[in-house]
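Following: one structure in structure tokens, then a few remarks.
Values quoted throughout were computed directly from the atomic coordinates according to the rules given, and no laboratory measurement underlies them. This is a predicted model, so every value here is computed, not measured. So basically every Cβ, Gly included, is an ideal-geometry build from the backbone, and we count neighbours across all protein chains shown.
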Amino acid sequence: MGTIQLRTEIPGPRSRALMARRAAAVARGPFHATPVFAARAEGAVIEDVDGNRFIDFAGGIGCLNTGHRAPRVMAAVRDQMEKFLHVCFSVTPYEGYIAVAEKLNALAPGKFPKKTLLVNSGAEAVENAVKIARAYTKRSAVICFEDAFHGRTFMTMSLTSKPHPYKADFGPLPGDVYRIPFAYAYRSAPGSTAASFAQELEDAFKRVVAAESVAAVLAEPVLGEGGFVVPPREYFALLQGICRKRGILFIADEVQSGFGRTGKFFACEHFGIEPDLITSAKSLGGGFPLAAVTGRAEIMDAPEVGGLGGTFGGNPVSCAAALAAIETIEREGLLARSMAIGERFEARARVWQKRWALVGEVRGLGGMCAMELVRSPEKREPAEEETKEIARYCYEHGLITITAGTYGNVIRILVPLVVTDAQFDEGLEVIEAALASVAVVPERKQVAISK
Ligand SMILES: Cc1ncc(COP(=O)(O)O)c(C=O)c1O
């Protein structure tokens with residue numbers, strides 16, 4: 001018998017009742033990828049309030065690389081809870097915060113001295129990275145990328161690319177932010193190369209902002225919300241080379257791509273670069289809220305005492321969870337597991353690509369893998385409605401997936417890396433059935449859907 005078990009229609013009666021309460025009590029703004037409410041979770045499996053069991057390919061949007069309720073994380077959290085919950089690192093400091101900083105300093109690429117700041121969320125980490133870069137360089141401009149996502153706070157809204165739903169209605173947004181195209185080969189001029197993509201940065205200094213005003217270039221090593229876009233291997237080395245010549249810092253936003261997701265602790269390791277600053281969050285906390293900025297010691301020390309921090313930043317329970325999550329990645333070989341998951345997905349998805357024109361591109365880096373769906377391989381018109389249909393088919397058949405992409409036409413895999421082969425294959429079967437249901441007769445069905 002497989003892992004998936006559906007006892008009611010989806011959503012079941014208890015989920016529907018909770019959705020009615022949610023609609024009455026909770027702001028409309030937070031989006032739901034599925035209408036099912038969680039009751040418990042373990043490893044790569046979520047059980048809903050109606051007793052239905054789902055395989056989880058979303059991992060709380062990439063926060064559970066070590067799995068739901070990872071045993072080491074659970075034990076470390078229980079142990080910390082017996083000692084103290086919150087004292088505030090700015091009032092009575094504690095060892096856990098320092099231990100996480102030491103670990104991140106050791107894991108981040110580069111042999112130079114490093115320091116770390118802990119905060120609560122990915123957006124807060126990006127905000128702080130910008131503050132630190134500005135304080136160090138005494139410059140204010142930041143260059144970011146099309147299709148990037150960095151969060152929903154004011155500075156990170158400015159840095160995020162997609163207007164709806166992230167930015168529209170919320171302005172005015174902080175300025176001195178400049179955007180250049182990312183190395184998104186599938187949606188760029190044929191023949192584009194790492195060098196031609198990197199040239200966009202040089203061009204920006206001529207066309208939009210003076211290089212000597214720029215504090216930092218901020219990039220996701222693999223676009224997350226933007227659709228799991230993996231740039232050519234030489235791209236970031238070229239960008240960082242340009243930055244170094246101009247005294248500009250290079251910040252890697254590893255909030256989604258970090259902590260084993262791509263088969264390395266940090267995705268930037270695949271590109272052979274040593275960013276000046278790295279932001280982490282999501283899977284760093286093993287399911288608890290924790291985020292970090294890690295970087296060159298002299299840069300991290302630029303802001304004055306009291307200029308960084310926050311009441312809950314580096315919460316002791318989150319720190320205990322993070323140390324246990326890192327140990328889990330190391331001891332359970334989850335980096336190698338991530339690569340294996342990526343290969344298993346790719347092998348299967350390449351077969352789908354041959355079979356269905358809908359599957360435009362299969363791409364990824366280790367276990368951060370995805371497929372971009374299009375109405376035809378030639379025109380590459382984004383198949384947004386079909387993507388939504390597939391995601392709905394999946395949860396109705398016991399698989400939780402999430403979409404991505406500026407055009408909402410990417411199915412992305414953020415499965416906990418502790419998923420078993422049997423569970424992973426069972427999840428892939430559901431995606432295959434979903435594709436078959438949407439793309440049986442590609443041309444005819446597409447016309448019907450796009451009306
Ligand atoms: C690359 C990246 N940066 C920043 C963020 C914002 O993180 P948070 O939602 O924890 O604020 C996200 C969230 O998806 C992300 O993917």
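Return the residues of the stretch 37-64 that are of a type in the set (Gly, Ala, Ser), in a strand (DSSP E or B) and under 21 Å from the mean Cα position of the chain (by Cα); say none if nothing qualifies. Matches in the stretch 37-64: 41, 43.
Annotation for the stretch 237-257: no member residue is within 13 Å of the ligand (Cβ to nearest atom), more than 24 Å from residue 134 (Cα to Cα) and among the charged types (D, E, K, R).
Here is a yes/no grid of residues against (1) within 16 Å of the chain's Cα centre (by Cα); (2) on the phi > 0 side of the Ramachandran plot; (3) within 16 Å of the ligand (Cβ to nearest atom):
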residue: 142; (1), (2), (3): no, no, yes
residue: 151; (1), (2), (3): yes, yes, yes
residue: 155; (1), (2), (3): no, no, yes
residue: 168; (1), (2), (3): no, no, no
residue: 180; (1), (2), (3): no, no, no
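The lone criterion from (1) in a loop (DSSP other than H, G, I, E, B); (2) away from the ligand (no atom under 14 Å from the Cβ); (3) among the charged types (D, E, K, R) left unmet by residue 102 is number (1).
Please verify whether residue 250 is under 27 Å from residue 60 (Cα atoms) and not charged (D, E, K, R), treating the condition exactly as stated. Criteria not met by residue 250.
Of the candidates 266, 197, 236, 205, the single residue that is over 23 Å from the mean Cα position of the chain (by Cα) and among the aromatic types (Phe, Trp, Tyr) is 205.
Restricting the first member to the stretch 10-23 and to residues that are farther than 18 Å from residue 391 by Cβ and in contact (Cβ under 8 Å) with a residue 40 or more places away in the chain, and the second to residues that are surrounded by 14 or more Cβ atoms within 10 Å (Cβ to Cβ) and not basic (Lys, Arg), the beta-carbon pairs closer than 8 Å and six or more apart or on different chains are 12/36; 12/48; 12/49; 12/50; 12/52. Taking the numbered list (1) touching a residue at least 12 places away in the same chain (Cβ under 8 Å); (2) under 24 Å from residue 416 (Cβ atoms) in turn, residue 90 passes all entries but (2). Scanning the stretch 113-129 for residues that are within 12 Å of the ligand (Cβ to nearest atom) and not in a helix (DSSP H, G or I) yields 119, 120, 121.
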